[in-house]
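Heads up: the structure comes next, in structure tokens.
The values are calculated or read from the model by the stated rules, or taken from the named source; none is laboratory data. Just so you know, these numbers come straight off a predicted model, no measurement behind them. Quick reminder, even Gly has a Cβ in these numbers, built from the backbone with ideal geometry, and neighbours come from all protein chains shown. Accessible surface areas use protein heavy atoms only, side chains included; no ligands, DNA or RNA. Shrake-Rupley method; radii C 1.70, N 1.55, O 1.52, S 1.80 Å.
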Amino acid sequence: MNGKAMNLFMNRNFMLMFFGRLVTNVGDSIYAVAAMWLVSELGGSTFYTGLAGFLSLIPRFIQFFSGPIIDRISIRYLLINTQLIQAILLLVIPVASYFGQLHVTLVLIISPLISVFNTLIYPAQMSSLPSFVNKKDLTKANSYFTFAGQGIDTFCNAISGVLIVMIGAVSIYLLDSVLFMISAILFSFLRIPKHVQQSEPSNKAKKEKISAILHRYKIELLEGIHILLGKSFSRLLWGMILINFVGGATFVVLPAFSKLHGGPEMYGYLLMGQAMGSMLGALIAPLLKLEKYGMGLIYGIAFSISGILWTLSVFSPNIWIMIFIYGLSWVPGGVTNILINTYIQKGIPEHLLGRVFSASYSLSGIAAPLGSLCGGILGEFFGSEVIIGFSGLSVLLIGFYWLIDKTTRKLPSSENVTEKVFQG
């Protein structure tokens, strides 16, 4: 470990926040896999996994409006209590199982409740980080937090299927509850500087301020959507929304697909391949030096390749080849996720970036839960293989459309992007 890393981990608050986040993310990652598998087992159909995906993703919209909440509550209090509440909610499942009262409906009720509290953790941690980390160390601190998220997801996706086989999905809920209790204990030792702890105004003043903030947020969100729907860029945006839609559909039928090709361990391997593909794409994006090529051309080629691989993975005769091809199909998404952020940052005036990114998350975020619901319902009639194959084919067609559409092809490179791209 280098000197800068050592300096960061000598910082008591950073160390507690980092390891608390690490433990939380382990719990989140294995819970996500176990919950979807348990719903598949109890419900016995893709309809229930689709509904579970829809319900667990919808609460993410709270994250878009969490700023006023986070700004008005003690960060330490928020972190501790969200962890404890999630730990208690998770315990409901093993207790119900012990008394023979475990039903799919109970799992479907618990999942979105856990997601609601989980959505507050990340923005709360990121908003408090500058209060106890020097500015010169923020980039390094953020990179560690990113590892605690994406890196842990990859590892946990790999072992979740094995854990389901060894101890069962219900026991994973019990393990997760313990992990959230551990993270709550770690967060309890935080000593956030006094200037970060918000003073509590009167209820009337609080309501008025939050109301004003939410009203302003609504106006800015609509303004951000208007900017994103500019004539030139909107073709790319609508395509990305559709890709998120079919991605949600694929995710919820993966348990049923995995049962056809091995079982819960197969589910874990497919999710691991997906996570590793996305990470690989993000890592190689700077090395590819794509900044000089038109964004429309990059997206067209990237998702044409992704769609081909996505579709072919369903027909692979060997499960390891299937996992490999499916993982590769997510590499282009990892590459373009890095590029599009830079593109927006360069093409949008700095004072408008917050509302544009919020609008982007809102528009793309609603597609995944809707796709989950539709994928689960259609999976009942057509089967999981058809849904995944159709999703891959849809991605291919979107990529091909971007290649032949003149407006999309004319989108400039990130080196030459200007505000005109988002104005018409």
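Every residue, every condition in (1) closer than 18 Å to Met36 by Cα; (2) at pLDDT 90 or above, yes or no:
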{"residue": "Ile62", "(1), (2)": "no, no"}
{"residue": "Ser66", "(1), (2)": "no, no"}
{"residue": "Gly100", "(1), (2)": "no, yes"}
{"residue": "Ile110", "(1), (2)": "yes, yes"}
{"residue": "Val116", "(1), (2)": "yes, no"}
{"residue": "Tyr122", "(1), (2)": "no, no"}
{"residue": "Ser128", "(1), (2)": "no, no"}
{"residue": "Asp137", "(1), (2)": "no, no"}
{"residue": "Ala141", "(1), (2)": "no, no"}
(request) Kindly provide the set of residues from the range 364-396 that are open to solvent by less than 70 Å² (accessible area, probe 1.4 Å), hydrophobic (A, V, I, L, M, F, W, C) and under 22 Å from Phe315 (Cβ atoms), ordered by number. (result) Ile387, Ile388, Val395, Leu396
(message) Go through (1) in contact (Cβ under 8 Å) with a residue 60 or more places away in the chain; (2) open to solvent by 30 Å² or more (accessible area, probe 1.4 Å); (3) of a type in the set (A, V, I, L, M, F, W, C) for Leu280 and report which single condition fails.
(response) (1)
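Considering each of Glu291, Glu265 in turn, give the residue that is surrounded by fewer than 22 Cβ atoms within 10 Å (Cβ to Cβ) and in a loop (DSSP other than H, G, I, E, B).
Values: Glu265 fails: in a loop (DSSP other than H, G, I, E, B).
Going through Glu291, Glu265 in turn, just one is surrounded by fewer than 22 Cβ atoms within 10 Å (Cβ to Cβ) and in a loop (DSSP other than H, G, I, E, B): Glu291.
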